[in-house]
Amino acid sequence: MKVLLVFGTRPEAIKMCPLILELKKHKEIECKVCLTGQHREMLRQVMDAFEIQEDYNLDIMREHQTLTTITTDVLIGIGDILEQEKPDIVLVHGDTTTSFAAALAAFYRQIPVGHVEAGLRTGNIYSPFPEEMNRLLTGRLATYHFAPTKRNEENLQRENVVNHVYVTGNTVMDAFKTTVTSEYEFHDSCLKEVDYKNKRVITVTAHRRENLGIPLQNICYAIKRLAEEYTDIEFVYPVHLNPVVRETAYAILENIPRVKLVEPLDVLDMHNLLARSYMVMTDSGGLQEEAPFLGKPVLVMRTETERPEAVDAGTVKVVGVDQEKIYCTAKLLLDESDEYLKMAHAVSPYGDGHASERIVNILEKISMNRE
Ligand code: UD1
Ligand code: UDP
């Protein structure tokens, strides 16, 4: 069986690399990797961390790229590679525009698609935008669905997607188990300077398209107020390379005492930073899965989430994008130890670290049934 994995952004890479490493253990499966290059530097960081060399890179990234250019560049670019490689199956991940366009390109050639991290839903096609629709459409195009949780499987069932749905756990947990170590030394020079013993470190990230503009400004102003008020905390905010994000973050938070704006971190630094944090404030999808595993409370600065499992487990709160609400909820966790402890328990609703093995076992069975 020849498997072609196609991905293009940082989170897809973090979640596909463990699967590639597992596939490479199986000599009967030929595994090829095509990067779309929707991201450039942030994608390279992950490939380097996992020491994986891609077979192809479409290198499509442009500054201020649009959803249309990403879609068309991927759709056109992937075609030649599909013609050349003629894979038996194309694996895509999650909800990015890369994933949707690559799945569509495979569908046009009647090559079956396997969707890793299938079935997450908010139910609102504009939030997250365009990811909810990307994931839905990728699900329609896919033949095989690797759902992280039972709830994700149920979401698919509600849409009458009932064949070839497998609950596997999330591959992010596979990566995660090996990245955090107690003696870890940070690569990033700014992270080396943080006083992890005496300060309560709060990790912040924000990048979502629907948060660009006023919501991101609200997020930054809430952080500024908290940093000015509490002398025993330190914000570490690795700023996404999107110029729109950088403009807002630097305009409001540069040179604010107790706020460290740093460059995107490699995944080893990032996971170890999480492990040493007091809590996490984010609009990221992946961080909502990772921080609960470490028992770190997460405030999700979005209006809804496609990952309700950790909300139900009590470690994640969806606080929205109103400055006052973000500020007050963070303050509660800083002032009230009971409130903090209620959220700071380790839960792992997204998997046990064996998702990649399960996916590869399923691929082997699919291969045998096709022979
Ligand atoms: C993309 C995904 C989003 C995912 C996020 C992870 C889509 C529509 N969005 O959003 O689902 O959560 O990645 O981070 O698929 N840039 C660089 N270097 C990089 C990466 C980005 O300079 O390595 C800059 C470029 O100017 C680029 C801009 O960031 O145009 C935006 O990148 P894009 O992939 O369009 O959007 P993200 O917000 O990263
Ligand atoms: N991450 C990272 N370095 C950073 C910020 C995030 O390695 O500076 C990791 C994070 O641990 C998680 C993933 O990137 O695994 C999340 O990516 P992002 O927030 O960009 O996208 P999302 O998950 O929201 O799609």
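The values are calculated or read from the model by the stated rules, or taken from the named source; none is laboratory data. Predicted, not measured: the structure shown is a model, and the values here were computed from it. In this analysis, Cβ positions are derived from the backbone assuming ideal geometry, glycine residues included, and neighbour counts consider all displayed protein chains.
Values for this structure:
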| quantity | calculated |
| --- | --- |
| Members of the range 51-75 that are hydrophobic (A, V, I, L, M, F, W, C) and in contact with a Lys or Arg (Cβ under 7 Å, 6 or more places away or on another chain) | M61 |
| Candidate set: the range 238-254, residues that are touching a Leu at 6+ places or on another chain (Cβ under 8 Å) and away from ligand 1 (no atom under 15 Å from the Cβ); chosen: the one nearest to C220 (Cα to Cα) | L253 |
| Residue that is under 23 Å from G123 (Cα atoms), out of contact with any strand residue (DSSP E or B) (no Cβ under 7 Å at 6 or more places or on another chain) and of a type outside the set (D, E, K, R), where the choices are L212, L299, L287, L294 | L212 |
| Residues of the range 47-61 classified as within 16 Å of ligand 2 (Cβ to nearest atom), of a type in the set (D, E, K, R) and part of a loop (DSSP other than H, G, I, E, B), total | 1 |
| Any pair with Cβ under 6 angstrom, 6 or more apart, that starts in the range 53-67 at a residue that is free of Cβ contacts under 8 Å to residues at least 60 places away in the same chain and ends at one that is buried (at least 17 other Cβ atoms within 10 Å of the Cβ) and aliphatic (A, V, I, L, M) | E54/V33; E54/L35; D55/V33; Y56/I81; N57/L35 |
| Selected residue (only one of R258, R208, R225 is touching a residue at least 24 places away in the same chain (Cβ under 8 Å) and touching a Lys or Arg at 6+ places or on another chain (Cβ under 7 Å)) | R208 |
| Residue in the range 63-101 that is nearest to G8 (Cα to Cα), counting only those that are within 19 Å of the chain's Cα centre (by Cα) and more than 11 Å from ligand 1 (Cβ to nearest atom) | V92 |
| Candidates T178, T168 - the one that is among the polar types (S, T, N, Q) and either out of contact with any helix residue (DSSP H, G or I) (no Cβ under 7 Å at 6 or more places or on another chain) or modelled with pLDDT under 95 (or both) | T178 |
| Test: Y250 is of a type in the set (F, W, Y) and either in contact with a strand residue (DSSP E or B) (Cβ under 8 Å, 6 or more places away or on another chain) or surrounded by 18 or more Cβ atoms within 10 Å (Cβ to Cβ) (or both) | yes |
| Matching helices (runs of 4 or more DSSP H) fully within the range 62-149 where at least 2 residues are polar (S, T, N, Q), surrounded by fewer than 18 Cβ atoms within 10 Å (Cβ to Cβ) and more than 15 Å from ligand 2 (Cβ to nearest atom) | 67-85 |
| Test: residue in the range 18-25 that is more than 16 Å from ligand 2 (Cβ to nearest atom), under 28 Å from R209 (Cβ atoms) and in a loop (DSSP other than H, G, I, E, B) | no |
